[in-house]
1. Label-point separation (nm) for residue 223 and residue 307, each offset 7 Å from Cα along Cα-to-Cβ?
2. Where does each of 79-91, 207-219, 271-283 land if you order them by average Cβ count within 10 Å, highest first?
3. Taking R0 as 41 Å, what FRET efficiency do you get between residue 297 and residue 161 from their Cβ-Cβ distance, rounded to the nearest 0.05?
4. Distance from a point 7 Å along Cα→Cβ of residue 68 to each backbone N in region 86-104: keep the residues under 20 Å and list them by number.
5. Using the Kirkwood radius over Cα pairs, work out the Stokes-Einstein diffusion coefficient for region 101-230 at 25 °C and 0.890 mPa s, in µm²/s as a whole number.
6. Using alpha-carbon positions, what is the distance between the centroids of region 165-190 and region 205-229, in Å?
7. Residue 206 to residue 254: FRET efficiency via 1/(1 + (r/R0)^6), r the Cβ-Cβ distance, R0 25 Å, to the nearest 0.05?
8. Below 8 Å, C-alpha to C-alpha, sequence gap of six or more: please give me the relative contact order for region 101-230 in percent.
C-alpha cells in the first residue's frame with residue numbers, strides 16, 4: 001500500500017509540491033502530516049485525533065471561518081500577532097512575506113470561481129511587477145455574478161467569453177488580449193501607456209492581437225483603450241520614460257525612444273527620447289543620476305554628444321510629476 005501511494009504521488013519534491021497546490025490550504029496541513037507519517041515522520045495517535053496545528057504551520061493564505069471549523073486555529077489566534085488580516089475572513093501567517101501576489105491569492109478565496117484576475121494584479125502574477133503591495137486586487141466578472149464590494153478588491157462587470165481567461169494555478173487569469181484591454185482602459189492615460197509598454201516589452205501582450213480585439217469591443221472605456229494603444233512603444237525602458245513620451249505627445253511633440261548615438265570611438269549612448277532632425281535628446285533625470293560615479297560618466301557622455309552637435313534636455317521627476325503641463329513643451333523649445 002505504501003509503495004503504491006509513493007508511486008502515485010511521486011518521490012520527488014516537484015510531485016509533492018503539485019500535490020500541495022491541488023489541495024486547499026487547510027487540507028495542506030493534513031496532507032503534510034500524512035506525508036511525513038508515510039516517511040517515518042511520526043504520525044502519532046494524537047495527530048490522528050486532530051491535534052491542533054500552530055498558525056505557523058499554515059503555508060499561505062487561508063479563510064478564517066474554514067480554519068476555525070477545521071480546528072486549525074482559534075478565534076484568539078486570528079486576533080493575535082501570529083496572522084495578518086488581508087481581507088474580510090482572509091488571513092496570512094505573520095511569518096510569510098506579504099506581497100501583492102499573496103493578496104491576489106487571498107482575494108481569489110473570496111471571489112466566485114468565474115471571476116478573472118486582471119489588470120495590474122494579473123500582470124504582477126505573470127511576472128510583470130505593475131502592482132504595488134497595497135494596490136487593490138483587480139477582477140473582472142460577468143454581470144450576472146454578484147461580488148463585492150470588498151475593501152481592497154476592485155471588480156469590473158462586463159460580458160466575458162472563454163477567450164477572456166486562462167487557467168493559472170487554480171484560478172482564472174486574464175488572457176493576453178483581456179489583460180491588455182483592461183490595462184489600456186484605465187482613466188489615467190499616462191499610467192495606461194506605461195503599463196502597456198511594460199507588458200508589451202515582456203511579451204505578455206501582443207499588440208496586433210490587442211488591436212484586433214479592440215476593433216470589435218464595445219465595453220465601457222474602449223475609446224480610452226484605443227487611444228492608449230496608439231501611444232504605446234515597447235522600446236521604452238522605464239515607466240517615467242513612457243509617461244514623459246505621453247506628456248510630449250499631448251504637447252504636440254513626437255520623440256523617438258531609445259535612439260543610439262555614435263561617434264568615431266563607438267556607441268556614445270542610447271538617448272531615452274530624441275528628435276533626430278533637431279539633434280535634441282531628452283533624458284529623464286531620476287535620483288540615480290545623483291550618484292557620483294554615474295554623474296562623472298554622464299558628464300563625459302554629454303561632452304561627446306555636444307561634440308556631435310547634440311543638445312540634451314534633462315527632465316526631472318519634479319517636472320514630470322508636478323509640472324507636466326508647463327515643462328513638457330517649454331523645455332524642448
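Read the figures in this text as sums done on the coordinates, not as results from a lab. Predicted model only: the values in this text are computed from it and were never measured. All Cβ positions, glycine included, derive from the backbone under ideal geometry; neighbour counts span all protein chains shown.
1. About 5.3 nm, to one decimal.
2. On the way: 79-91: 16.5, 207-219: 13.9, 271-283: 18.7.
So the order, starting with the most tightly packed, is 271-283, 79-91, 207-219.
3. Working: r = 52 Å, r/R0 = 1.27.
Here the calculated transfer efficiency is 0.20.
4. Output list for this probe position: 86-94.
5. D = 169 µm²/s.
6. 12 Å
7. Values: r = 24 Å, r/R0 = 0.95.
Here the calculated transfer efficiency is 0.60.
8. Relative contact order comes out at 22 percent.
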